[in-house]
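Take a look at the structure set out below.
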Amino acid sequence: MLTIPGIPVARLGGVTLSLLDFLRDDHRRGRLLLRLQAAVREVLLIEKARALGLGVAGTELQHAADLFRRRRNLSSAADTHAWLHEGRMTLDDLETVLTDSLLLQKLKDHVGREGVPSRFQQRPADYDRIKIRLIQVAEEDLARELHTQIVDEGASFEAFARSHSTHASRQAGGLVGPLFRLQYPALFQPALAQAEPEPFSDASGSYLLAVQERIPATLDRDTATFIAQEVYEEWLAKTLADAPFSAPLLDFLQ
């Protein structure tokens, strides 16, 4: 009698791959654990979405299906059925996948949107948009020399960035941004508040930073979208931390 682990999952020529061999190979290659984590996380989040009363309307599902077909150049019902048949899928399978995807997006929107106003009110300065010029060099002495020439002698910050900086912004004359203030590394935060560039260093090198433009925060669409993403990622991290993970399948495969 054939057991479940012995079920053949694929054949090529005279070779047969069993379910057990397939799972063990995925495990040995370090892929199975990641797939299990992703799959069970999705189930958990879909349950969270349903618990919040979120659902998918028929019109939303139809729109998602139309978009799915357009992206795959499935211009007719026959094309869609052929694509599903090739993948051994049914229309119900496709509907489930699309519904789950919509629910996950609705959950993300719901959680993020709820936290936007309070987050912005608590920390508006974090969402100032700031454009800077930046110079990164290996040696602190060089950073101080460049600083002296820029501040005391009126040398061009942009020219020094092009000729001396090792930062990725070198070709743009050190120009970075505009970015939200909190998108800049913690190391840069004190310099963002200064009127004049001052050298500062860490293990990666020494820096000069000059603020080019500062746009006070407003709760526009881009800012709200950014905050919503922040809020959702924090909620997701806490949700997963409060939900211990185990994978009995991996114990079986050992």
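The values are calculated or read from the model by the stated rules, or taken from the named source; none is laboratory data. None of the values given here were measured: they were computed from a predicted structure. Quick reminder, even Gly has a Cβ in these numbers, built from the backbone with ideal geometry, and neighbours come from all protein chains shown. For the accessible areas, the whole protein counts, side chains as well, though only heavy atoms, and no ligand, DNA or RNA atoms are used. Shrake-Rupley method; radii C 1.70, N 1.55, O 1.52, S 1.80 Å.
Compared with the direct C-alpha span, the chain from residue 141 to residue 51 gains 26.5 nm at full extension, assuming 0.36 nm per residue.
The magnitude of the dipole of the chain, with charges of +1 and -1 set on the Cβ of Lys/Arg and Asp/Glu and taken from the Cα centre, is near 800 debye. Take the Cβ-Cβ distance between residue 100 and residue 21 as r, set R0 to 30 Å, and report the resulting FRET efficiency rounded to the nearest 0.05. After rounding, the FRET efficiency stands at 0.55.
Suppose all protein chains stay in the model; what accessible area per residue would a 1.4 Å probe give for the chain, in Å²? Each step should come with its number before you reach the end.
On the way: 16050 Å² over 254 residues.
Here the per-residue accessible area is 63 Å².
In the frame of its principal axes, the stretch 107-149 has Cα extents of 51, 20, 14 Å, reported largest first.
For the stretch 1-159, relative contact order (Cα pairs under 8 Å, six or more residues apart, normalised by length) works out to 15 percent. Taking a straight line from the alpha carbon of residue 108, these lysines sit under 29 Å away, with near neighbours fewer than eight places off in the same chain left out: 48, 238. The Cα atoms of the stretch 160-245 give a gyration tensor whose axes a ≥ b ≥ c have a/c of 1.5 or more with a/b greater than b/c, which makes the shape prolate.
How high is the relative contact order of the stretch 1-79? Use alpha-carbon pairs under 8 Å, at least six apart in sequence, and give a whole percent.
Details: 28 pairs, mean separation 9.9, N = 79.
About 13 percent, as a whole number.
Note on residue 106: accessible area approximately 60 square angstrom, rounded to 10, probe 1.4 Å, nucleic acids and ligands left out. Multiplying the residue separation of residue 168 and residue 221 by 0.36 nm and removing their Cα-Cα distance gives an extension gain of 16.2 nm. Ignoring ligands, DNA and RNA, what percent of the 1.4 Å accessible area of the stretch 125-195 is carbon and sulfur? Solvent-exposed carbon and sulfur of the stretch 125-195 make up 49 percent of the total.
Summarise the long-distance tail of P(r) for the chain by giving the % of C-alpha pairs beyond 30 Å.
Working: 18594 of 32131 pairs.
Roughly 58 percent, once rounded to a whole number.
The three principal axes of the C-alpha atoms in the stretch 83-229 carry coordinate ranges of 71, 42, 24 Å, sorted with the longest axis first. Angle of helix 91-122 to the longest C-alpha principal axis of the chain, folded into 0 to 90 degrees and rounded to 10: 30°. Across the stretch 69-184, the mean sequence separation of Cα contacts (distance under 8 Å, 6 or more residues apart), normalised by length, yields a relative contact order of 26 percent.
Taking the stretch 8-52 and a reference point 7 angstrom along Cα→Cβ of residue 250, the backbone N atoms nearer than 14 Å belong to 24, 26-41.
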